[in-house]
Amino acid sequence: MSTAVIVYHGTMGRWEPDARGRLAKAALELYSERGFERTTVEEIAKRAGLTERTFFRHFADKREVLFWGASALEEQLLRAVDAAPASFPAIDAVGSALEAIAVDFQGRRDYARQRQTIITANADLQERERIKLASLASALADGLRRRGVAGSTAILAGELGVAVFRVAFERWIDEANQQDFSAIIRASLAELKTVTAGVAPTAIAKVR
């Protein structure tokens with residue numbers, strides 16, 4: 001979901017390694033300073049000390065700078081669902097997977113806040129973020145089905161898992177919140193269970 005924060009030095013030559021990280025860092029700086037729409041690929045490449053051709057070797061367009069880690073995150077989620085204890089019910093397997101990936105977010109809170117501010121200010125980026133979250137829900141459902149969870153239950157648990165992730169993420173990037181992301185995910189999942197426990201069985205039956 002997010003890019004590691006990488007130290008950037010404007011004097012680096014074009015031959016220096018970690019071009020992707022340097023481009024991502026430069027893009028984030030420019031999006032914050034000038035706005036996403038007013039920033040060009042040429043400006044990103046120039047600040048990173050690289051060429052536009054190099055930029056397009058790593059990213060399809062300037063939007064993807066903010067989303068290039070999505071596929072890796074999905075794969076990580078699937079592995080974490082597979083690794084959850086076999087005795088766990090679907091929602092707990094999802095919670096365990098979310099906690100596992102949350103570890104990699106530690107140390108990136110400032111980046112996550114900055115990235116989210118950029119996305120919130122642009123409707124097209126918000127739509128791309130929704131697509132990414134929907135893809136995460138599908139990945140969770142796929143992982144649950146591999147564990148033998150029934151189709152509709154796997155889909156519902158996947159959607160609930162993404163809802164927990166989204167709410168926990170918003171709480172985590174709140175400057176007033178200093179808790180670890182994993183702890184916030186656990187608390188958000190517990191809150192979800194409390195909410196669903198209060199739903200009358202007859203109401204669930206009507207939904208079905």
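The values are calculated or read from the model by the stated rules, or taken from the named source; none is laboratory data. Model, not experiment: these values are computed from the prediction. We place every Cβ from the backbone using ideal geometry, glycine too, and count neighbours over all the protein chains shown.
Residue under question is residue 36, and the condition is that it be outside the structural domain of residue 147 (by TED's automatic domain parsing), modelled with pLDDT of 95 or more and buried (at least 19 other Cβ atoms within 10 Å of the Cβ); does it hold? Spelling it out, residue 36 is indeed outside the structural domain of residue 147 (by TED's automatic domain parsing), modelled with pLDDT of 95 or more and buried (at least 19 other Cβ atoms within 10 Å of the Cβ).
Among the residues of segment 148-178, write down those that are over 18 Å from the mean Cα position of the chain (by Cα) and either under 16 Å from residue 110 (Cβ atoms) or outside the structural domain of residue 195 (by TED's automatic domain parsing) (or both). 175, 176, 177, 178, listed by residue number.
Restricting 107, 143 to residues that are assigned by TED's automatic domain parsing to the domain that holds residue 168 and assigned to a loop (DSSP other than H, G, I, E, B) narrows the list to 107. Restricting 107, 148 to residues that are touching a residue at least 12 places away in the same chain (Cβ under 8 Å) and on the phi > 0 side of the Ramachandran plot narrows the list to 107. Counting residues in segment 80-89 that are free of Cβ contacts under 8 Å to residues at least 12 places away in the same chain and either of a type in the set (Phe, Trp, Tyr) or buried (at least 16 other Cβ atoms within 10 Å of the Cβ) (or both) gives one or more.
Of all the residues in segment 180-208, those that are farther than 20 Å from residue 90 by Cα and modelled with pLDDT of 65 or more number 2. Evaluate segment 90-98: report whether one residue or more is of a type in the set (S, T, N, Q) and touching a Pro at 6+ places or on another chain (Cβ under 9 Å). The answer is yes, given that some residue of segment 90-98 is of a type in the set (S, T, N, Q) and touching a Pro at 6+ places or on another chain (Cβ under 9 Å).
Per this entry, residue 168 is not counted among residues that are surrounded by fewer than 19 Cβ atoms within 10 Å (Cβ to Cβ) and in a helix (DSSP H, G or I). Note on segment 56-79: among residues that are of a type in the set (Phe, Trp, Tyr) and under 23 Å from residue 108 (Cα atoms), the one that is surrounded by the fewest Cβ atoms within 10 Å (Cβ to Cβ) is 68.
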